[in-house]
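Take a look at the structure set out below.
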Amino acid sequence: MLLAIDPAQIHDSLYAFLSILLEGAFFIFIGTVISGFIDAYLPPSLLDRMLPKNRVLAVAVGGLLGAVLPVCECAIVPVIRRLVAKGLPLSVAITYMLAAPIINPVTMVSTFAAFSERGDAGVLVASSRAILAYGITVLVGLVMIRVALRSVLRPQIQWAVDRGEAGGHDHDHDHHHGGAKLVHALQVAQRDFTDVAMYFVVGVALTAFLNNVIPRDWIEPLAGNDVTAIPTLMGAAFILSLCSTSDAFVAASLDEFSYAAKLAFLIFGPMMDLKLIFLYSSIFKPRFVLILACGLFILVGVVCHQWGVFDQAAVR
Amino acid sequence: MQLSRTEICRLMGIGAMLIWAVVLLGFYVTGRVESYIRPEYLRTCTLLAGLGLLALSAFNLRHLRAQETCGHDHGHDHHHDHDHEQGCCGHDHDHGHVHEDTSFLGNGAGLAIMVIPVLISVLYSQDRFLSSATIRNKGFVEDPNAVAARVEKELPGAASAAKGEEEEILEYTLADLEKVVQRSPEGNLMLTVDQLFYTAGDAELQRVLKGQPVEAVGQIIPDKDSGKKNRLRIFILMVSCCAADAQPVSIAVEFPGTPPPHKEMQWVKVSGTMVYAVENGQKQAILKAVKMEPTKEPANDLLY
């Protein structure tokens with residue numbers, strides 16, 4: 001099973017690279033502008049006031065924030081980066097970050113539409129996707145309550161959190177005139193854009209290359225049973241790095257795979273893929289990103305496998 | 001005008017953003033963007049991103065020398081020789097300065113990663129897939145329902161008849177099909193590859209189309225899976241969001257003998273008659289070709 005590369009595939013990779021870049025640039029831009037304005041205008045005390053005091057409840061709310069603040073997986077990274085720096089509890093931030101690309105109206109409607117074309121599975125897959133993703137992300141968030149910030153955040157994000165906790169930044173900046181705040185917001189937006197865009201480019205370049213050169217023939221023989229099919233499709237989701245608003249159309253076309261495997265594809269992909277590995281690395285230490293990726297892989301795999309067992313039993 | 005290290009680094013960032021802005025706007029203005037992403041709304045997103053980056057660059061250039069307001073982050077836990085400038089808020093506390101990375105090497109390397117791959121791609125991308133290996137790796141769509149939404153809009157009568165939704169259509173006829181599909185001067189029904197592919201999942205359309213002269217335009221690729229030397233496939237690419245998620249929709253094209261000379265991935269017009277056969281447990285639409293000729297790439301070569 002050798003990977004033979006036709007030289008023309010290098011051109012094809014450049015084509016695929018640019019297509020993902022053109023698709024994602026707007027969302028990265030919007031995310032970083034929001035990030036700049038959060039930094040300049042959002043008092044950290046507001047986050048404390050808005051979230052439930054109970055940490056478990058706060059995580060549960062974090063998993064649903066995507067429904068009211070819909071952000072795709074590219075745009076959410078700079079936003080989360082800034083919210084964490086502003087003092088949003090890590091457990092809530094990670095729950096929101098992982099859930100928002102799935103639990104938002106756009107993704108739910110597109111999932112419904114993609115599977116509705118194939119009979120009556122639209123409601124089943126769209127609702128299962130949202131419910132399972134919510135459960136998984138809340139579970140991850142609950143685990144994160146016990147994790148120390150310092151062990152997961154990159155030094156510069158940790159530095160910002162420390163400065164906020166030291167009391168240097170939780171005043172409301174009322175003494176700043178609007179113009180200075182705007183300048184600050186847009187300077188932050190610029191720095192965040194260049195920082196996140198760098199990680200994005202590396203992730204997209206790898207995705208575009210692997211997407212074109214790995215034959216689909218390699219994964220089709222593994223579709224036969226869920227023990228191989230689920231990890232196979234999660235691996236495919238990782239490499240393909242599709243946008244959560246369109247991945248359902250690709251999943252729906254994978255006829256040889258079970259619904260459980262397709263669900264794993266649809267849940268794991270928006271939470272962890274090749275380009276996200278690099279984007280997450282702009283917030284978290286690489287070791288944590290690796291642990292998160294492995295943990296999600298196992299958790300999503302097990303949950304979707306059990307969903308498949310339940311689904312088959314229900315059909316019988 | 002003497003610039004500080006901080007200001008030079010800011011300028012480098014502005015330069016990188018301007019390059020992105022020019023690329024995005026260039027793709028939008030030239031229409032090149034349509035070969036890459038779904039035009040309906042993502043095309044507008046490209047314009048907005050380009051204009052937004054341009055505006056952000058212009059604003060930050062105008063305020064290049066502005067001091068940051070109080071503290072905030074952008075800090076690094078390492079020590080570097082940044083300018084300890086007092087914030088504009090006038091505080092003299094120890095966090096009233098800007099913590100920007102002012103290392104030329106660090107900034108330069110980061111911005112190079114952001115810009116160089118983009119420029120190389122803009123210069124060398126051919127705005128389409130060139131290799132048949134890439135197409136094969138993407139895997140051909142196998143379920144005709146995958147194109148149902150699109151085809152049912154184009155062939156409304158056929159779709160309704162197939163589903164038995166219109167009571168007045170007791171039996172779908174060739175005359176019904178001819179109301180929505182034109183014939184070429186040679187008398188062929190001019191159908192698209194996705195429409196022909198769709199018919200493999202629709203018994204009503206198969207009955208009407210079987211044996212009819214048809215013609216279709218698509219790109220040609222060897223049919224290695226069938227093992228038949230007289231068979232090729234023509235395909236078009238179906239895209240959900242961007243070209244990277246493209247999936248080839250194809251039908252088999254069978255010749256009486258060896259296929260005529262052709263180049264892989266070439267755009268061709270094939271005419272012949274439609275037949276249907278079950279292969280590997282699945283109904284296949286097969287175009288029994290009588291003629292294949294090179295043709296121009298259509299303006300809308302991607303199916304969105």
message = Per-residue counts of other Cβ atoms within 10 Å, averaged by peptide: what ranking do you get for B:183-193, B:15-25, highest first?
response = B:15-25, B:183-193
task = Report, in degrees rounded to the nearest 10, the 0 to 90 angle that the Cα long axis of helix A:121-145 makes with the longest principal axis of chain A.
result = 50 degrees
task = Output the relative contact order of chain A, whole-number percent, from Cα pairs under 8 angstrom with separation of 6+ residues.
result = 24 percent
request  = Return A:Cys74, A:Cys294, B:Cys242 ranked ascending by Cβ neighbour count within 10 Å, so the fewest neighbours appear first.
outcome  = A:Cys294, B:Cys242, A:Cys74
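What does the charge add up to near B:Pro222, with Lys and Arg as +1, Asp and Glu as -1, over the other residues with Cβ less than 14 Å from its Cβ? Before the final figure, lay out the partial values.
On the way: positive: B:Arg136, B:Lys224, B:Lys228, B:Lys229, B:Arg231, B:Arg233, B:Lys263; negative: A:Asp6, B:Asp223, B:Asp225, B:Glu254, B:Glu264.
Net charge around B:Pro222: +2.
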key: Selection from A:Leu296, A:Ile102, A:Val84 lying farthest towards where the dipole of the stretch A:17-310 points positive, charges on Cβ   = A:Val84
ask   = Cα-Cα pairs above 17 Å in the stretch A:182-221: how many percent?
value = 54 percent
query = Which whole number gives the average count of other chain Cβ atoms within 10 Å of the Cβ atoms across peptide A:249-256?
reply = 5
ask   = Using a simple charge model, +1 on the beta-carbon of Lys and Arg, -1 on the beta-carbon of Asp and Glu, nothing else, what dipole does the stretch A:209-285 show about its Cα centre, in debye to the nearest 20?
value = 360 debye
message = Given the DSSP H assignment, sum -39500 (n - 2.57) over each helix run of at least 4 residues in chain A and divide by its residue total; what's the result at 222 nm in deg cm²/dmol, nearest 500?
response = -24000 deg cm²/dmol
note = In the stretch B:196-282, taking the dipole from +1 charges on Lys and Arg beta carbons and -1 charges on Asp and Glu beta carbons about the Cα centre, the listed residue (B:Asn280, B:Val253, B:Ser240) farthest towards the positive end is B:Val253
key: Assigned charges on the beta-carbon of Lys, Arg, Asp, Glu; the stretch B:259-304 dipole about Cα centre (debye)   = 180 debye
query = What per residue convex hull volume, in Å³, comes out for the stretch A:17-310 when only alpha-carbon positions are used?
reply = 124 Å³
query = With point charges of +1 on the Cβ of Lys and Arg and -1 on the Cβ of Asp and Glu, referenced to the Cα centre of chain A, which listed residue (A:Ser258, A:Leu242, A:Leu47) lies farthest in the positive direction of the dipole?
reply = A:Leu47
The stretch A:47-59 - phi-based ³J(HN,Hα) in whole Hz, Karplus 6.51/-1.76/1.60, Gly and Pro as x = 4, 4, 6, 6, 7, x, 5, 5, 5, 5, 5, 4, 5
key: Number of partner chain Cβ atoms within 10 Å, mean per residue of B:119-125   = 5
Mean shadow area of the protein assembly as shown, taken as a quarter of the surface of its Cα convex hull (nm²) = 30.8 nm²
task = Provide B:Lys224, B:Lys296 in ascending order of the number of other Cβ atoms located within 10 Å of each residue's Cβ, fewest first.
result = B:Lys296, B:Lys224
remark   = In debye to the nearest 20, the charge dipole size for the stretch A:17-310, taken about the Cα centre with +1 at each Lys and Arg Cβ and -1 at each Asp and Glu Cβ, equals 780 debye
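Normalised by the number of residues in the stretch A:54-168, what is the relative contact order in percent for Cα pairs under 8 Å and 6+ residues apart? Mind dumping the intermediate values first?
Details: 132 pairs, mean separation 38.7, N = 115.
The value is 34 percent.
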inquiry  = If packing is taken as the average count of other Cβ atoms within 10 Å, what order do A:235-245, A:140-150 fall into, highest mean first?
reply    = A:235-245, A:140-150
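Rule-based calculations on the coordinates, nothing more; no lab input. This is a predicted model, so every value here is computed, not measured. Backbone-built Cβ (ideal geometry, glycine too); neighbour counts: all protein chains shown.
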